[in-house]
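Single-structure report; data block below.
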Amino acid sequence: MNIPFLDLKAAYLELKPEIDAAISRVLDSGWYILGDEVQAFEAEFASYCEANHCVGVANGLDALHLAFRALDVGPGDEVIVPSNTYIATWLAVSQCGATVVPVEPDERTYNINPGLIEAAITSRTKAIMPVHLYGQPADLEPILAIARKHGLRVVEDGAQAHGARYKNKRIGSHGDVVAWSFYPGKNLGALGDGGAITTNDAGIADRVRVLRNYGSRVKYVNEVPGYNSRLDPMQAAVLRVKLKVLDEWNDRRKAIADDYISSFRNPQSSSNVEFILPFVPDYADPVWHLFVVRHPRREDMQNQLSAADINTMIHYPIPPHLQQAYSGLQYNAGSFPIAEHMADEVISLPMGPHLNAEQAGVVIEALLGFKRL
């Protein structure tokens, strides 16, 4: 039995009649840039996220970048970012000409440690960017309190957290603005690239709408130097179909996560070397975009699972501060030891709404067998 890491084809096949009809609707409309389909998705996703506004853009990185542009983040400014994240988080800051200021994660949650943020604030700090990594919300309450104290903006990276809740409120409008990705592998994924921002601030939403469309709200009248970053109506139509089943598909992910956790916590499966399982704090209702465990023999584990036709991934093997793209910041190995240690040990197990119980059972048995080696 070959077990995929994530089965995107199965996601399409389950919704094939609805997706095909949505695509045909767009093709028949003759309207292929922005328009009613994008506006309808924006309204539906804003409502889902418990936010007042949603603006669709071309991809998740653009969502982050345009959010910062809308907040006037630019050269000379600093933005506090997690040291443990995908590099897009940092790139969005760099694209504005601002400087990233990394802060280490909480070792239990992998998300930015609020207790370390205040020490990183300087007179140049403009914003804080928590990332809801792996689908688990960052601890927003203390982050927002720090931001209010110092007059800073909060831009949330929600690319992996569609449907997640923090203290019973959906991620979508806790901070000033939330940036989303609809990359195909996300919990809410398009059939190509796509992104959006959500916010309760009408001014921010308006600025992003202008920036995404060449800096223009009226054709051939350009208010500011803008970009070409518009959510495609074909993708918006697909996302509208998938949004209707997002909660159901997230519940399937949660069931798999529960099976994984309960199986690996079974005392009969214990050994001298334990996995480090995900930790879910009381404030979080995660959506399990990824199910990430840690093990000091990560490569051995991955090789053994691969031999059993079980596909895994590593998110992310090189922290941003050690990437060549950020060599100019002159960080060295050891600069952010917690992020580096995580990068050496994390491994993502198969996870998705189309991973069935039998497949999950094979993964569990293979991992329990690894623990007995």
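The values are calculated or read from the model by the stated rules, or taken from the named source; none is laboratory data. Quick caveat: nothing in here was measured; it's all calculated off a predicted structure. Neighbour counts are summed over all protein chains in view; Cβ atoms, including those assigned to glycine, are modelled from backbone coordinates with ideal geometry. The protein model used for the area step is the full one, side chains on, heavy atoms only, and it has no ligands, DNA or RNA in it. Shrake-Rupley method; radii C 1.70, N 1.55, O 1.52, S 1.80 Å.
Would you confirm whether any residue within the range 200-209 is within 27 Å of Leu71 (Cα to Cα) and part of a strand (DSSP E or B)?
Scanning the range 200-209 turns up no residue that is within 27 Å of Leu71 (Cα to Cα) and part of a strand (DSSP E or B).
With the condition kept exactly as written, say whether any residue in the range 314-329 is farther than 24 Å from Asn187 by Cα and β-branched (Val, Ile, Thr).
no
Take the residues in the range 75-103 that are polar (S, T, N, Q) and over 17 Å from the mean Cα position of the chain (by Cα); name whichever of them is most open to solvent (accessible area, probe 1.4 Å).
If we take residues in the range 75-103 being polar (S, T, N, Q) and over 17 Å from the mean Cα position of the chain (by Cα), then Gln95 is most open to solvent (accessible area, probe 1.4 Å).
Within the bounds of the range 261-272, is there any residue that is touching a Lys or Arg at 6+ places or on another chain (Cβ under 7 Å) and at pLDDT below 95?
Within the range 261-272, one or more residues are touching a Lys or Arg at 6+ places or on another chain (Cβ under 7 Å) and at pLDDT below 95.
Can you tell me how many residues within the range 318-361 are outside any helix (DSSP H, G or I) and surrounded by 12 or more Cβ atoms within 10 Å (Cβ to Cβ)?
17
Filter the range 104-127 down to the residues that are free of Cβ contacts under 8 Å to residues at least 40 places away in the same chain and open to solvent by 10 Å² or more (accessible area, probe 1.4 Å), then identify the one that is farthest from the chain's Cα centre (by Cα).
Once the filter is applied, the top-ranked residue is Ser123.
For the range 305-317, which residues satisfy the criterion of being in contact with a strand residue (DSSP E or B) (Cβ under 9 Å, 6 or more places away or on another chain) and open to solvent by 30 Å² or more (accessible area, probe 1.4 Å)?
Result: Ala308, Asp309, Asn311, Met313, Ile314, Tyr316, Pro317.
State which residue is least open to solvent (accessible area, probe 1.4 Å) when the search covers only the range 146-185 and only residues that are polar (S, T, N, Q) and more than 15 Å from Leu246 (Cα to Cα).
Restricting to residues being polar (S, T, N, Q) and more than 15 Å from Leu246 (Cα to Cα), the top hit is Ser173.
For the structure I just gave you, tell me whether Arg217 is more than 18 Å from Ala159 (Cβ to Cβ), open to solvent by 10 Å² or more (accessible area, probe 1.4 Å) and in a strand (DSSP E or B).
Judged against the criteria, Arg217 is a match.
Output the residue which, of all residues in the range 362-373 that are hydrophobic (A, V, I, L, M, F, W, C) and open to solvent by 10 Å² or more (accessible area, probe 1.4 Å), is farthest from Phe264 (Cα to Cα).
Per the criteria, the residue is Leu373.
Can you tell me which residues in the range 164-191 are within 19 Å of Ile204 (Cβ to Cβ), of a type outside the set (Gly, Ala, Ser) and within 10 Å of the chain's Cα centre (by Cα)?
Within the range 164-191, just Trp180 meets the criteria.
In this structure, does Tyr227 turn out to be open to solvent by 40 Å² or more (accessible area, probe 1.4 Å), touching a residue at least 12 places away in the same chain (Cβ under 8 Å) and either more than 26 Å from Ile314 (Cα to Cα) or charged (D, E, K, R) (or both)?
yes
Please verify whether the range 291-302 includes one or more residues that are closer than 18 Å to Tyr86 by Cβ and either loosely packed, with under 14 Cβ neighbours inside 10 Å or in contact with a Ser or Thr (Cβ under 7 Å, 6 or more places away or on another chain) (or both).
yes
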